[in-house]
Amino acid sequence: MESSATKSQAMLVHLSTFAQWFFPFGNFIFPLVIWSLKKDSRYIDHHGRQSINFQLSLLVYTIALAIIAIPILLFTIFKHVPFRAMINDESFHTNLSPENISGVVILAIIAAVLFCFMKVAEFFLVIYASVKTMDGDYYKYPLCIPFLRNVEPLSDKNPTATTDTIDSNGVQSSSENEKTVG
């Protein structure tokens, strides 16, 4: 059973990601600082890793969205511009008629909707993780890439864990520790 102070500190790790709205990269800096100061607790270590993994995953998803959307956007805008005119600094006229611009508008709307959906989902998932943390659960974010691996916690919800040991011959053996709830 985790103490109230430990739960509050783990919750603060999750909620500190909202610092991104006030400071650039605050969603990485503040959770890292809190987590690194208190990661001697297994509970805070778990939640610190989950929070950082989730923020890194969102960054990867945003970059992937930009890598897909920006080249298509540029291609759609410049597909009617002659290459020779761009190289020789000649004046040219782009044909931005509704037929040619519709792809750009559709792409921009899709990219904006996906980005907004990610930010709304992030907001609610961080709040949900904070609530679960205060309940004493070892919460894991959905669709989160595990950049920082987690040590599997021993708790009432996870009564068995595997412990790996290496003997004097260098052979790794695995033993299962069971915790009985009485």
Scan region 74-91 residue by residue and report those that are more than 14 Å from SER102 (Cα to Cα), open to solvent by less than 100 Å² (accessible area, probe 1.4 Å) and in a helix (DSSP H, G or I).
ALA85, MET86
Among the residues of region 15-29, count how many are open to solvent by 50 Å² or more (accessible area, probe 1.4 Å) and part of a helix (DSSP H, G or I).
3
Please go through region 49-60 and pick out each residue that is in contact (Cβ under 8 Å) with a residue 24 or more places away in the chain and either open to solvent by 80 Å² or more (accessible area, probe 1.4 Å) or hydrophobic (A, V, I, L, M, F, W, C) (or both).
ILE52, PHE54, LEU56, LEU58, VAL60
In region 1-14, is there at least one residue being without any contact (Cβ under 8 Å) to a residue 12 or more places away in the chain, open to solvent by 40 Å² or more (accessible area, probe 1.4 Å), part of a helix (DSSP H, G or I) and hydroxyl-bearing (Ser, Thr, Tyr)?
yes
For region 30-42, state whether one or more residues are within 23 Å of LEU114 (Cα to Cα) and part of a helix (DSSP H, G or I).
no
Quick check on my filter: what residues within region 33-48 are surrounded by fewer than 18 Cβ atoms within 10 Å (Cβ to Cβ) and among the aliphatic types (A, V, I, L, M)?
VAL33, LEU37
Would you confirm, using the coordinates I've provided, whether VAL120 is more than 16 Å from ARG42 (Cα to Cα), modelled with pLDDT of 90 or more and out of contact with any helix residue (DSSP H, G or I) (no Cβ under 9 Å at 6 or more places or on another chain)?
yes
Residues in region 76-89 that are modelled with pLDDT of 75 or more and of a type in the set (D, E, K, R): how many?
2
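The values are calculated or read from the model by the stated rules, or taken from the named source; none is laboratory data. What you are looking at is a predicted structure, and each value in this text was computed from that prediction instead of being measured. Backbone-built Cβ (ideal geometry, glycine too); neighbour counts: all protein chains shown. Each accessible area value is taken on the protein alone, full model and side chains, heavy atoms only, with ligands, DNA and RNA left out. Shrake-Rupley method; radii C 1.70, N 1.55, O 1.52, S 1.80 Å.
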